[in-house]
Amino acid sequence: MNKNILIVEDEPILREIMKDYFENEGYAVLEAADGKEALALFQTHDVHLIILDIMLPELDGWSVCQRIRKISRVPIIMLTARADEDDTLFGFELGADDYVTKPYSPPVLLARAKRLLEREAFLAPAGERLSGSGITIDFSSRTVAIGEKQVDLTHTEFEILAYLLKHKGMIVSREQLITKIWGYDFAGDDRTVNSHIRNLRAKLEEKASCIVTVVRSGYKFEERA
């Protein structure tokens, strides 16, 4: 089955360049020139990944990302002409999975998109479940539950929790998480990991203490009563 890529970019030339690269790799491409059009397409199509510019007419990329995250964990790559670190961290806090600064290399953007679409392969096969401290991860449905209550995680938060739970009791360094989840070519740093861990803990609520910070080493998942 073809993967559907939603490209949200108000500059027609850039949108066309990205479209050509993705279609040449066999992906189906949906195009939106503004935030409202992006949300409308997302609601009416099965979208597997979104490439989302921040500076958009009608509704900016921040708002689009925030609204989509309320209903979906679909991977999101945000594009910006600004290289401000605070903007990058803000995007991750809203639930973005990756962040690319303009001008960018289309082949590199394509590689990052492929990484997001394929990265769950290193985890567990479809149908497997992992559990610990009352938290259950179902890989076939890509859902997380605490008891009977479902927890809505972003794509990246799901991957982080699954990796930590799969390596329960073991210290996982920030470098390991970056390599396994974002890939070797990821341009972020420890603050990116910290931001996602903070968001993940907030969503786990009373189970947040299961994710333990090991000073100067990383994180580990510990069983809690």
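So is L30 in a helix (DSSP H, G or I), of a type outside the set (F, W, Y), farther than 21 Å from S195 by Cα and at pLDDT 90 or above or not? Give the derivation first.
Values: in a helix (DSSP H, G or I): no; of a type outside the set (F, W, Y): yes; farther than 21 Å from S195 by Cα: yes; at pLDDT 90 or above: yes.
No: the conditions fail for L30.
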_Cβ-Cβ under 8 Å pairs, at least 6 apart or on other chains, the stretch 26-55 side closer than 21 Å to R115 by Cβ and touching a residue at least 60 places away in the same chain (Cβ under 8 Å), far side among the hydrophobic types (A, V, I, L, M, F, W, C) and assigned to a loop (DSSP other than H, G, I, E, B)_ = H48/V74; L49/V74
_Please determine whether any residue of the stretch 73-85 is open to solvent by 20 Å² or more (accessible area, probe 1.4 Å), in contact (Cβ under 8 Å) with a residue 60 or more places away in the chain and either in contact with a Ser or Thr (Cβ under 6 Å, 6 or more places away or on another chain) or assigned to a strand (DSSP E or B) (or both)._
yes
_For the stretch 169-178, check the following and say yes or no: at least one residue is closer than 22 Å to M78 by Cα, open to solvent by 30 Å² or more (accessible area, probe 1.4 Å), assigned to a helix (DSSP H, G or I) and modelled with pLDDT under 85._
no
*Considering only residues that are among the charged types (D, E, K, R) and not in a loop (DSSP other than H, G, I, E, B), look in the stretch 101-119 and name the one that is surrounded by the most Cβ atoms within 10 Å (Cβ to Cβ).*
R112
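The values are calculated or read from the model by the stated rules, or taken from the named source; none is laboratory data. The model shown is predicted, which means the values in this text are computed figures rather than measured ones. Note: ideal-geometry Cβ built from the backbone for every residue, glycine included; neighbour counts use all protein chains shown. For the accessible areas, the whole protein counts, side chains as well, though only heavy atoms, and no ligand, DNA or RNA atoms are used. Shrake-Rupley method; radii C 1.70, N 1.55, O 1.52, S 1.80 Å.
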